[in-house]
Amino acid sequence: MKVWIIGLFTVLSLGFAQHNMSTMSTTNMVMDNSNLASLEGDRFEIAFMSGMIAHHEGAVEMAQWILDRTTLPGLTSSAKQIIAAQEPEIQLMQSWLNEWYGGKTDEAARSMMKTDMQAMMSAMNTNENPDVAFLSEMSLHHNSAIDMAQLALFKATHPKLRELAKNIIRNQAQEIADYQEMLRELKSR
C-alpha cells in the first residue's frame, strides 16, 4: 500500500511539473534536489528541514503578496490557508532542529532555497495578472515541495518527519489541483 501511494504521488508530481513547465509563464527553473538526494541520516534531515523552512517562508511571502492584490474570494481563502498551514510547520521544523540537532541548520540549503524563492517572487511581480502569476508560481512552488518531501519519505530517520512529509505531499498535491482548476476558470473568462 505504501509503495502504491508513493508511486501515485510521484506520478501526480511529475504530471503537475510537466503541465506547469509547458503551460505557464514561470521562472523557467526547477529546483535541483540532487544535493539533498545525495545526503543521508542527520545531514539529510538537517538539510531537508533547513531548506523546507525557507521554502515555507517563501510560500507565506507569496501568499501575503497575493492577499494584497487579488479580488477572488477563492484565492484569498487559499492564501490564508497556506499561511495557516505553513507557519506552524515552520515552527515545528525549527523545534525539531533544536530538539534533535541542537539548533544546527544547513545554511547552504537555506540560501539556495531563498534564491529560488526570490526568483519566483520576481516572476510574480513581472506578470501583469497577479492571480495568474500566483497560481502559476505557487503550483511550481508546491511541486518542488512535493519533490523534496518524497525524498524525506525514504531518507528521514525520524518518523515524525516522515509523517510531516506525507502531509506536505497530500496537502500540496490537492492545492496544485485546485490551482490548476482556478487557472482554467480564469483563462476561460
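Computed from the coordinates by the stated procedures, all read-outs in this text should not be read as laboratory data. Quick caveat: nothing in here was measured; it's all calculated off a predicted structure. Positions of Cβ are generated from backbone atoms using ideal geometry, with glycine treated the same way; all protein chains shown enter the neighbour counts.
Run through the stretch 112-189 and list the GluC sites (Glu not before Pro) located in a DSSP loop whose Cβ has at most 12 other Cβ atoms within 10 Å.
Hits after loop and neighbour filter: GLU128.
Roughly how compact is the stretch 45-188, stated as its Cα Rg over 2.2 N^0.38 Å to two decimals?
Taking the Cα Rg and dividing by 2.2 N^0.38 Å, one obtains 1.05.
Describe numerically, in nm with one decimal, the distance between label points set 7 Å from Cα along Cα→Cβ at SER111 and at PHE154.
2.8
To the nearest 0.05, what FRET efficiency results for ASP42 and THR71 with a Förster distance of 35 Å applied to their C-beta separation?
Here the calculated transfer efficiency is 0.15.
Length gain on complete extension for the stretch GLU185 to TYR101, per 0.36 nm per residue less the alpha carbon to alpha carbon distance?
Once the chain is fully extended between GLU185 and TYR101, it gains 25.7 nm.
Per residue of the stretch 58-64, in order, report the coupling 6.51 cos²θ - 1.76 cosθ + 1.60 (Karplus, θ = phi - 60°) as ³J(HN,Hα) in whole Hz, putting x for Gly and Pro.
Couplings: x, 5, 5, 4, 5, 5, 5 Hz.
For the peptides 144-155, 112-123, 92-103, what is the packing order when you average, over each peptide's residues, the other Cβ atoms within 10 Å and list the highest mean first?
Put in order of decreasing packing, that is 144-155, 112-123, 92-103.
With r as the distance between the Cβ atoms of ARG162 and GLU128 and R0 = 30 Å, compute the FRET efficiency 1/(1 + (r/R0)^6) and round to 0.05. The partial results should precede the final answer.
Working: r = 41 Å, r/R0 = 1.38.
Rounded to the nearest 0.05, the efficiency is 0.15.
Taking one equal scatterer on every alpha-carbon of the stretch 150-189, how large is log10 of I(q)/I(0) by Debye at q = 0.15, 0.17 1/Å?
Log-scaled intensity ratios, in q order: -0.47, -0.53.
Enumerate the residues in the stretch 133-162 having an amide nitrogen under 16 Å from the point lying 7 Å beyond the Cα of ASN33 toward its Cβ.
139-157, 161-162
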